[in-house]
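Engineer: Next up is a structure, given as structure tokens.
The values are calculated or read from the model by the stated rules, or taken from the named source; none is laboratory data. If you're wondering where the values come from, they're calculated on a predicted model, not measured in any experiment. Cβ atoms come from the backbone with ideal geometry, glycine included; neighbour counts cover every protein chain shown.
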Amino acid sequence: MLEDNFLMWLARIDGISIKKKWDILNYFNTAKEFFYADVLDIKIFCEKNRINIKNILDVRNDIILEKYIKDVEKHNLKFITQNSDDYPELLKSIPDAPIGFYMLGNMPKDINNKVGIIGARKCTQYGAINAYKFGKELGENNVVVVSGMAMGIDSMAHKGAIDAKGKTIAVLGCGLDIIYPPSNIGLRNDIINNGCVISEFPIGTPPYPANFPMRNRIISGISDAILVIESAKKSGTLITVGQALEQGRDIFAIPGNINNPMSEGTNNLIKECAFPVTNVDDILSNLGILHKYNRNDNFSNENVKNSNNSIEKSENIKNLLAPDEKIVYACIKDSPVTIDEIILKANINIQTAQYVLTMLEIKGYIQKLAGQKYIKAL
């Protein structure tokens, strides 16, 4: 049986830290040798390293190992260990690198620079537009966008990279059989087709809050640099920044309105440790990349509207939309409709409605009016 299967078994043992799992590998040489080691040898090691031996012996049998292997096969997953070319070199260098991770899709090659884009789930329109803009322009320059597939900044950054036909990686805080948030099922499929979705957590693991700090160290561990789009003063985003700094990564942040609480975190980062960013060249130059597009082609809603106007002349606009975008777009008429009317007609929650409406507005298909009303722009 392959060593990677035994590594997967080792990674799944509960109640043992990642550091101590690496100590096990260093002591027993391989996970397979540890699996078949004499109980007395395991006991001596566990006593010396303050490990509860029961956590190991309870799962040390062939039936459980076979179950783990079948779980992976059933869901068409790959378990990627440091023996694989798909395990990013940068990730290997962090002190608490995962023993392995589960993957759907294809890991972009190490020759491509990677930038982690992080920020608030409940972002403002300013944050959403910039997440899409920077995700798209990084993707256009062959930079892989790494994020967590959460609502808000994460989703917009992934979407920008995908629309640029670039590569993107989503790192999840749950098992890969769980789509979280559920409304991102279409985005998840697009990410798999343009990169990969990965998780350190095995099949069936719910998105527990405690999982996300662990997830975040992988986002920063994979990335050459981190870009913070929008963050409040106290935010989980800042945990990722702290991990990235410990890993020696550069931090970039987009300045925000000094009167907006959602920009307090990013503005403080600029004062303390982050490079201020106003366009993608600020990041590309740091990575040693020459921007291949004309800087005069600045992103704006108007530019997107103009380009989409030409598209509609030859192609039905609905064919360009994701499934959830089609549903929401169908609810918007030539006369203004409120967000409440859209939620009722589309039978969706407010978070999904806000996300989809922002995407449609960024693409220039709809226009936002006063009083949370929307109208078709095309």
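Engineer: Being of a type in the set (D, E, K, R) and in contact with an Asp or Glu (Cβ under 9 Å, 6 or more places away or on another chain) is the filter; apply it to the stretch 93-136 and report the residue that is surrounded by the fewest Cβ atoms within 10 Å (Cβ to Cβ).
Structural biologist: Within the stretch 93-136, the match that is surrounded by the fewest Cβ atoms within 10 Å (Cβ to Cβ) is K109.
Residue by residue, here is whether (1) touching a residue at least 40 places away in the same chain (Cβ under 8 Å); (2) among the β-branched types (V, I, T); (3) not in a loop (DSSP other than H, G, I, E, B) holds:
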{"position": "K159", "(1), (2), (3)": "yes, no, yes"}
{"position": "I162", "(1), (2), (3)": "no, yes, yes"}
{"position": "A170", "(1), (2), (3)": "no, no, yes"}
{"position": "L187", "(1), (2), (3)": "yes, no, yes"}
{"position": "I192", "(1), (2), (3)": "yes, yes, yes"}
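Engineer: A further question follows. Looking at the stretch 349-378 only, could you name the residues that are β-branched (V, I, T) and buried (at least 19 other Cβ atoms within 10 Å of the Cβ)?
Structural biologist: Passing the criteria: T352, V356, T358, I362, I366.
Engineer: Take the residues in the stretch 235-281 that are farther than 15 Å from C123 by Cβ, of a type in the set (D, E, K, R) and out of contact with any His (no Cβ under 9 Å at 6 or more places or on another chain), then tell me which one is surrounded by the fewest Cβ atoms within 10 Å (Cβ to Cβ).
Structural biologist: K271
Engineer: Quick one: in the stretch 315-369, of everything that is outside any loop (DSSP other than H, G, I, E, B) and of a type in the set (S, T, Y), which residue is farthest from T124 (Cα to Cα)?
Structural biologist: Among those that are outside any loop (DSSP other than H, G, I, E, B) and of a type in the set (S, T, Y), it is Y329.
Engineer: So C174 passes all but one of these: (1) outside any loop (DSSP other than H, G, I, E, B); (2) under 17 Å from the mean Cα position of the chain (by Cα). Which condition number does it fail?
Structural biologist: The number of the failed condition is (1).
Engineer: Still on this structure, I have one more. Go through I51, I63 for me and flag whichever is in the same structural domain as E33 (by TED's automatic domain parsing) and not in a loop (DSSP other than H, G, I, E, B).
Structural biologist: So the residue among I51, I63 that is in the same structural domain as E33 (by TED's automatic domain parsing) and not in a loop (DSSP other than H, G, I, E, B) is I63.
Engineer: Given the residues V241, V144, which is the only one that is of a type in the set (A, V, I, L, M) and at pLDDT 95 or above?
Structural biologist: Checking each option against the conditions leaves just V144.
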